[in-house]
Amino acid sequence: MIDIWQEIYGTIKRNKLRTFLTGFAVAWGIFMLIVLLGSGNGLIHAMEESASQRAMNSIKIFPGRTSKSYDGLKEGRWIQLDNNSLALTNRNFTDHVIDAGATVRQGSVYVSYGPEYVSLTLYGVYPNYTEVETIKSTAGRFINQIDILDRRKIIVLHEKTAEILFKDEDPIGKFVIAGKTAYQVVGLFNDPGDRDSREAYMPFSTLQIIYNKGNKLNNITMTTKGLETLESNAAFEKKYRRVLGSYHRFDAEDHSAIWIWNRLSNYMQQQNGMNILRTGIWVIGIFTLLSGIVGVSNIMLITVKERTQEFGIRKAIGAKPSSILWLIIVESVTITTLFGYIGMVAGIAVTEWMDKVAGAKTIDTGAWSETVFLNPTVDIGIAIQATLTLVIAGTLAGLFPARKAVRIRPIEALRAD
């Protein structure tokens, strides 16, 4: 066995450049496969994380601007959602809407407790807000329906805001001053990455009255039932545009008039896109691996041709065909395994680097923040399986040149140039 390794070492040493280029093709193939899988996983993990934080059956409606003339009115009108828009949602869509609410906003409000104060954006919300957004209650409670009906002066603060205002005190039950109005703190919340640490929540009806918002609102939020396909969701959205279009006087086919953010539809479309992405990554990776395998096969064919006389002499003095077969296969497996391992380690190192640099990448859409890249790593089991697959393929790549060497007749080999 030692003799075989010495021969392999000697062959590699005599053909350093050729061996390096072949090995580089193998290492590059496994490296690119792992990096591509890691990048794809970063997108997939971000989508799955975002989906787990919000109700998948949630829909948000935002106001827009008309792009078509309608009923004698010119295009370019701003459509303002109001309380009647919410009432129409509750009244006309009982077969699919489980719960509907709305949001109204008041920015740059100073909230104080004793000598401490912070500048916050106040949101008037309904109880279903925590279902469609990523915030989670951590102490006390959130807004409930009785708060809405009684227009209670209560507030829910972010944990970090509570730390600033109350220091070591328990904030639940205490009163803070916002403007000239006192609000009782009934709960605390947090959110991923503390994106909403400068926000606070109170009953929708309370904020609408105190800050003189009239009947205007910023958006409508709802959770739905019975909408499990893209087709059923599209039909629901079409009907919704028709109902609101009749009230606000805009064309139901004018998708710029109102913007509908349908979580389930977006998720299903993303799933289709991710499946295509995953398939594309594997196809590209496999073809990249094949290029390395073809390189190994080619170098072994060249090796057989260069060593034709040597193999002939070996057979003439009594060497068994199996020993020649074994020599070539071991050389092929050695090159494939060594450089495959190097490519695997390099690929895993790059995915770990991506995880540290951009492992929780978010973008601000203007309406909310979204995680778009998360944990771009590859399971070590998949990396090892890919490398083992490459080694097996390298064995097969060396098998065919080895069989050619075995079939060489000694007299023909000795005559070869």
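Give just the number: which of (1) within 25 Å of Glu131 (Cα to Cα); (2) polar (S, T, N, Q); (3) open to solvent by 80 Å² or more (accessible area, probe 1.4 Å) does Ser246 not satisfy?
Ser246 satisfies all of (1) within 25 Å of Glu131 (Cα to Cα); (2) polar (S, T, N, Q); (3) open to solvent by 80 Å² or more (accessible area, probe 1.4 Å) except (1).
For every residue, the table says whether it meets (1) closer than 27 Å to Asn41 by Cβ; (2) open to solvent by less than 60 Å² (accessible area, probe 1.4 Å); (3) in contact with a Ser or Thr (Cβ under 6 Å, 6 or more places away or on another chain); (4) part of a loop (DSSP other than H, G, I, E, B).
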| residue | (1), (2), (3), (4) |
| --- | --- |
| Gly173 | no, yes, no, yes |
| Met222 | no, yes, no, no |
| Leu227 | no, yes, no, yes |
| Asp254 | no, yes, yes, yes |
| Ser265 | yes, yes, no, no |
| Gly273 | yes, yes, no, no |
| Val283 | yes, no, no, no |
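Which one of the conditions (1) open to solvent by less than 30 Å² (accessible area, probe 1.4 Å); (2) assigned to a helix (DSSP H, G or I); (3) more than 30 Å from Thr389 (Cβ to Cβ) does Ala234 fail to meet, given that it meets all the rest?
Condition (1) is where Ala234 drops out.
Going through segment 175-202 one residue at a time, which ones are under 37 Å from the mean Cα position of the chain (by Cα), of a type in the set (Gly, Ala, Ser) and open to solvent by less than 40 Å² (accessible area, probe 1.4 Å)?
Keep residues of segment 175-202 that are under 37 Å from the mean Cα position of the chain (by Cα), which gives 185-202.
Remaining after also requiring of a type in the set (Gly, Ala, Ser): 187, 193, 197, 200.
The answer is Gly187, Ser197, Ala200.
Tell me which residues, restricted to segment 36-74, are at pLDDT below 85 and aliphatic (A, V, I, L, M).
The answer is Leu36, Leu37, Leu43, Ile44, Ala46, Met47, Ala51, Ala55, Met56.
Out of the residues in segment 357-397 that are of a type in the set (Ser, Thr, Tyr), open to solvent by 40 Å² or more (accessible area, probe 1.4 Å) and within 30 Å of Asn219 (Cα to Cα), which is modelled with the lowest pLDDT? First the steps, then the outcome.
Filtering segment 357-397 for residues of a type in the set (Ser, Thr, Tyr) gives 362, 365, 369, 371, 377, 387, 389, 395.
Subset that is open to solvent by 40 Å² or more (accessible area, probe 1.4 Å): 362, 365, 389, 395.
Right, trim to within 30 Å of Asn219 (Cα to Cα) and you get 362, 365.
Numbers: Thr362: 60, Thr365: 52.
The qualifying residue modelled with the lowest pLDDT is Thr365.
Is it true that Glu75 is more than 21 Å from Ala235 (Cβ to Cβ), under 28 Å from the mean Cα position of the chain (by Cα) and open to solvent by 10 Å² or more (accessible area, probe 1.4 Å)?
On the way: more than 21 Å from Ala235 (Cβ to Cβ): yes; under 28 Å from the mean Cα position of the chain (by Cα): no; open to solvent by 10 Å² or more (accessible area, probe 1.4 Å): yes.
Criteria not met by Glu75.
Which of the numbered conditions does Trp261 fail, given that it passes all the others? Conditions: (1) open to solvent by 30 Å² or more (accessible area, probe 1.4 Å); (2) under 30 Å from Arg91 (Cβ atoms).
(1)
Looking only at residues in segment 285-302 that are in contact with a helix residue (DSSP H, G or I) (Cβ under 8 Å, 6 or more places away or on another chain) and farther than 13 Å from Ala397 by Cα, which one is surrounded by the fewest Cβ atoms within 10 Å (Cβ to Cβ)? Even if it seems obvious, please write down each step before you answer.
As a first pass, look at segment 285-302 and keep what is in contact with a helix residue (DSSP H, G or I) (Cβ under 8 Å, 6 or more places away or on another chain): 285-286, 288-302.
Then keep just the ones that are farther than 13 Å from Ala397 by Cα; that gives 285-286, 288.
Numbers: Gly285: 21, Ile286: 13, Thr288: 17.
It comes out as Ile286.
Test Met274 against the criterion of being at pLDDT below 85 and under 23 Å from the mean Cα position of the chain (by Cα), and give yes or no. Before the answer, list the steps.
Working: at pLDDT below 85: yes; under 23 Å from the mean Cα position of the chain (by Cα): yes.
Taking the combined requirement at face value, the residue satisfies it.
Here is a check on your reading of the model: is Phe142 in contact (Cβ under 8 Å) with a residue 40 or more places away in the chain and touching a Lys or Arg at 6+ places or on another chain (Cβ under 7 Å)? Don't jump to the end; show me each part of the working.
Working: in contact (Cβ under 8 Å) with a residue 40 or more places away in the chain: yes; touching a Lys or Arg at 6+ places or on another chain (Cβ under 7 Å): no.
Here the answer is no, as Phe142 does not meet what is asked.
Of these, Thr121, Thr103, Thr130, which one is of a type in the set (S, T, N, Q), buried (at least 17 other Cβ atoms within 10 Å of the Cβ), at pLDDT 90 or above and under 33 Å from the mean Cα position of the chain (by Cα)?
On the way: Thr121 fails: buried (at least 17 other Cβ atoms within 10 Å of the Cβ); Thr130 fails: at pLDDT 90 or above.
So the residue among Thr121, Thr103, Thr130 that is of a type in the set (S, T, N, Q), buried (at least 17 other Cβ atoms within 10 Å of the Cβ), at pLDDT 90 or above and under 33 Å from the mean Cα position of the chain (by Cα) is Thr103.
Note down all Cβ pairs under 8 Å where the first residue falls in segment 294-322 and is touching a residue at least 40 places away in the same chain (Cβ under 8 Å) and closer than 20 Å to Leu21 by Cα, the second is open to solvent by less than 60 Å² (accessible area, probe 1.4 Å) and not in a helix (DSSP H, G or I), and they're at least six residues apart or on different chains.
The qualifying pairs are Ile299/Asn15; Thr303/Asn15.
The values are calculated or read from the model by the stated rules, or taken from the named source; none is laboratory data. If you're wondering where the values come from, they're calculated on a predicted model, not measured in any experiment. All Cβ positions, glycine included, derive from the backbone under ideal geometry; neighbour counts span all protein chains shown. These area figures cover heavy atoms from the full protein model, side chains too; ligands, DNA and RNA do not enter into them. Shrake-Rupley method; radii C 1.70, N 1.55, O 1.52, S 1.80 Å.
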